[in-house]
Amino acid sequence: MYMRPRDWQPTLGSPCAIPIPILTLNLTLNLNLNLPHPRAAWQTTPIDCLLQLHLACLQSLIGTCYFLLLHCASPACCCPVGLWTTTTTTTTTTMVVFALFIISKSGGLIYNREFHTGMNKLSSNDLLMVAGSFHGMHAITKQLCPNPPQASASSSNTSTSLAPAPWVTRPTGLEVLETSQFRMQCFQTLTGVKFLLFTEPQQPNIDSMIKKIYELYADFVMKNPFYTVEMPIRCEKFDRGLDGFVKVRS
Amino acid sequence: MVLYSFYIFDRHTECIYSRRWTPPRESSSGKARPESGGSITSNGDQPAHAARNHSDDEKLIFGLVFSLRNMVHKLGGEDDTFLSYRTGEYKLHYYETPTRMKFVMLTDTKQNNLRPYLHQIWANLYVEFVVKNPLAPVEHPGGIGVANEMFERGLETFIVAVLPA
């Protein structure tokens with residue numbers, strides 16, 4: 001599986017910015033103009049063909065490695081011309097994560113963390129109020145559901161069918177809130193804990209990010225023997241894990 | 001494209017116009033959702049849901065939208081505006097006029113932001129057929145003067161034209 005961008009053409013021999021759907025990767029490509037086209041022998045205009053190379057890139061699963069695949073741009077010929085592998089040593093990402101809130105199942109704010117300025121600074125009292133009212137609003141958004149999910153309809157969805165019986169037919173509450181300045185993604189675990197992640201409006205891949213944060217929470221908070229549930233989270237390893245995860249990307 | 005409902009709230013928390021396209025709640029015109037299954041739902045599957053009537057829905061939506069708007073102002077600053085939210089089942093689109101009238105539309109989750117359309121409904125339909133109507137009162141207690149024939153028909157054609165089923 002690879003994506004073939006339509007109008008990104010590398011400027012050969014000069015630094016070029018290649019937008020990648022997930023991150024913006026800036027790297028210098030020093031391509032050799034004498035690349036042999038595999039089918040150059042029977043191309044009528046091999047030089048034109050070479051100048052219109054397309055780059056396809058895909059991020060490896062680990063996220064640290066990119067494969068760049070050069071294509072001939074002519075629609076008739078789609079043979080790969082070369083394959084490069086590069087690591088993220090030269091990456092600059094555009095991930096802006098403003099803040100993370102964790103709301104316990106009873107509506108209390110048990111963790112809040114600001115990663116990036118851009119949202120209003122609120123006092124801890126205000127934050128508690130926002131979290132509490134969001135807890136209520138989340139419940140109302142569940143109530144308002146105009147078409148409650150049917151058990152049969154949702155059984156096709158593999159991610160929800162893992163949940164035990166009552167949850168499959170229960171409407172999910174608010175998942176994404178969009179405003180003109182930020183976007184809030186809410187992920188509710190089966191035990192009722194809510195993770196709110198505030199990012200910039202057009203931010204892709206929040207789902208995987210919030211799942212990763214949930215993993216960090218499970219590893220470093222829930223497995224911490226000194227942590228009592230429903231109490232504010234003070235786990236240094238969790239903080240550091242978030243730093244390593246969120247700040248590296250921003 | 002599935003459209004569930006549409007509401008207009010005036011600046012005093014009152015719902016002055018509402019319209020639903022969901023079959024089990026109201027037998028209004030066409031636009032059935034794909035998996036209607038109204039009988040299954042009313043079979044005591046969700047009794048609390050069925051017991052609630054329309055005016056309760058309106059109040060809930062107003063309260064929700066009002067609090068979300070306040071929360072957004074608190075978090076993002078005064079010039080931040082609430083646009084929409086999405087759950088796993090539906091999406092709510094929101095538009096507020098400078099006079100604090102609120103236009104709310106519930107659709108399926110695949111819909112992009114409908115804010116421009118809500119703005120058009122306000123500018124081209126509400127202002128034209130309700131505000132400029134000499135017989136309509138200034139305020140609309142209980143929705144008097146909003147649901148006139150021109151407005152209804154305009155809304156119907158607008159929705160059919162802009163949001164094809």
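The values are calculated or read from the model by the stated rules, or taken from the named source; none is laboratory data. None of these values were measured; they are calculated from a predicted model. Here the Cβ is made from the backbone with ideal geometry for all residues, glycine too, and neighbour counts use every protein chain on show. Accessible surface is based on the protein model in full, side chains and every heavy atom, while ligands, DNA and RNA are left aside. Shrake-Rupley method; radii C 1.70, N 1.55, O 1.52, S 1.80 Å.
Mind counting the residues in region B:69-122 that are of a type in the set (D, E, K, R) and under 22 Å from B:Asp10 (Cα atoms)?
First, the residues of region B:69-122 that are of a type in the set (D, E, K, R): B:69, B:74, B:78-80, B:86, B:89, B:91, B:96, B:100, B:102, B:108, B:110, B:115.
Next, only the ones that are under 22 Å from B:Asp10 (Cα atoms) stay: B:69, B:78-80, B:91, B:96, B:100, B:102, B:115.
The qualifying residues number 9.
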Practice prompt. Look through B:Phe66, B:Phe103, B:Phe82 and report the one residue that is in contact with a helix residue (DSSP H, G or I) (Cβ under 8 Å, 6 or more places away or on another chain) and free of Cβ contacts under 8 Å to residues at least 60 places away in the same chain.
Written response: B:Phe82
Fill in: Where B:Glu149 falls short, out of the listed (1) charged (D, E, K, R); (2) within 15 Å of the chain's Cα centre (by Cα); (3) over 19 Å from B:Ser5 (Cβ atoms)
(2)
Worksheet item: Are there any helices (runs of 4 or more DSSP H) wholly within region B:1-116 with 2 or more residues that are closer than 27 Å to A:Val97 by Cα and either modelled with pLDDT under 95 or more than 11 Å from chain A (Cβ to nearest Cβ) (or both), and if so which?
Response: B:54-76
Worksheet item: Can you name the number of the only condition in (1) touching a residue at least 12 places away in the same chain (Cβ under 8 Å); (2) farther than 20 Å from B:Ser18 by Cα; (3) basic (Lys, Arg) that B:Arg115 fails?
Response: (2)
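For the condition surrounded by fewer than 20 Cβ atoms within 10 Å (Cβ to Cβ) and within 13 Å of the chain's Cα centre (by Cα), what is the one hit in B:Phe62, B:Phe66? Give the steps one after another, and end with the answer.
On the way: B:Phe66 fails: within 13 Å of the chain's Cα centre (by Cα).
Checking each option against the conditions leaves just B:Phe62.
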Fill in: In region B:117-158, the residues that are in contact with a strand residue (DSSP E or B) (Cβ under 7 Å, 6 or more places away or on another chain) and either among the aliphatic types (A, V, I, L, M) or at pLDDT below 90 (or both)
B:Leu118, B:Ile121, B:His140, B:Gly143, B:Val146, B:Ala147
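One line per residue, one yes/no per condition, for (1) of a type in the set (Phe, Trp, Tyr); (2) in contact with a His (Cβ under 9 Å, 6 or more places away or on another chain); (3) open to solvent by 40 Å² or more (accessible area, probe 1.4 Å):
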| site | (1), (2), (3) |
| --- | --- |
| B:Ser84 | no, yes, no |
| B:Met101 | no, no, no |
| B:Asn113 | no, yes, yes |
| B:Ala123 | no, no, no |
| B:Tyr126 | yes, no, no |
| B:Phe129 | yes, no, yes |
| B:Lys132 | no, no, yes |
| B:His140 | no, no, no |
| B:Ile159 | no, no, no |
Worksheet item: Within region A:216-243, which residues are surrounded by fewer than 13 Cβ atoms within 10 Å (Cβ to Cβ) and in contact with a helix residue (DSSP H, G or I) (Cβ under 9 Å, 6 or more places away or on another chain)?
Response: A:Val229, A:Glu236, A:Arg240
